[in-house]
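Have a look at the structure below before the remarks.
The values are calculated or read from the model by the stated rules, or taken from the named source; none is laboratory data. Everything quoted here is computed from the prediction, not taken from an experiment. No Cβ is skipped: glycine too gets one built from the backbone with ideal geometry, and neighbour counts run over all protein chains shown.
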Amino acid sequence: MKLLAAAANNSGSYSMIIIIVLMFVLMYFMMYRPQKKQQQERQKMLNQIKVGDPVITIGGLHGVIDSMNDADKTVVLDCDGIYLTFSRSAIRGVNKAADASAEAPKSSSTASKAAASDDNKTTTTSESQAAASEEKTTAAAASEASDKTDNETQAEKE
C-alpha cells in the first residue's frame, strides 16, 4: 500500500514538470518566435532601402533618402530641402503611398480631377468655418442665458 502511495506522489511531480515544460514551449511559440520573425522582416526592409526611397522615421518624420553610409549605418534624409542624418535603425518603414504617387504620371484628366478636388476642399473648408462660427454664436447665446440666470439669482438673494 505504501509503495502504491509513493508511486502516486512521484507521478504527481512528473506531471508538474511536464506542465512547466509545456508552458515554456507555449511561451516560445507565442512570444519569441513571432518577435524574431518581425526582426527578420525589419532587417530585410532596412537592407533593401536605397537612395530616392521615401521613408518614415520612428519619430514620424517623412523624407526621401539622399545618401547612405554603409560603414556607419547612417542615412541622410532630404526633408523638403533640410538634410538630416539618422541611424539606419531609425527608419520605421518605406512610405509606399508616396512612392506610388511619385511614379504615377499625371494626365490632363487627372489634373482636372485634382483641380476639382481642390475646389471641393475649399468649399468644405468654408462650410466648416461657417459651422464653427455658428457654434460660437450658440455658445455666446448660452453664456448670456447663464449670466442672466446668475443675475436673477443674485437679485433674489438681496
Looking for something among the small types (Gly, Ala, Ser) and part of a helix (DSSP H, G or I) - is there at least one such residue anywhere in segment 15-27?
yes
All but one of (1) touching a helix residue (DSSP H, G or I) at 6+ places or on another chain (Cβ under 8 Å); (2) surrounded by 10 or more Cβ atoms within 10 Å (Cβ to Cβ); (3) not in a helix (DSSP H, G or I) hold for Gly59, so report the exception by its number.
(2)
Set Ala90, Ala71, Ala97: member being of a type in the set (A, V, I, L, M, F, W, C) and modelled with pLDDT under 90:
Ala97
Qualifying residues in segment 62-80 (those that are in contact with a Leu (Cβ under 8 Å, 6 or more places away or on another chain) and among the hydrophobic types (A, V, I, L, M, F, W, C)) - the one nearest to Gln48 (Cα to Cα):
Ile65
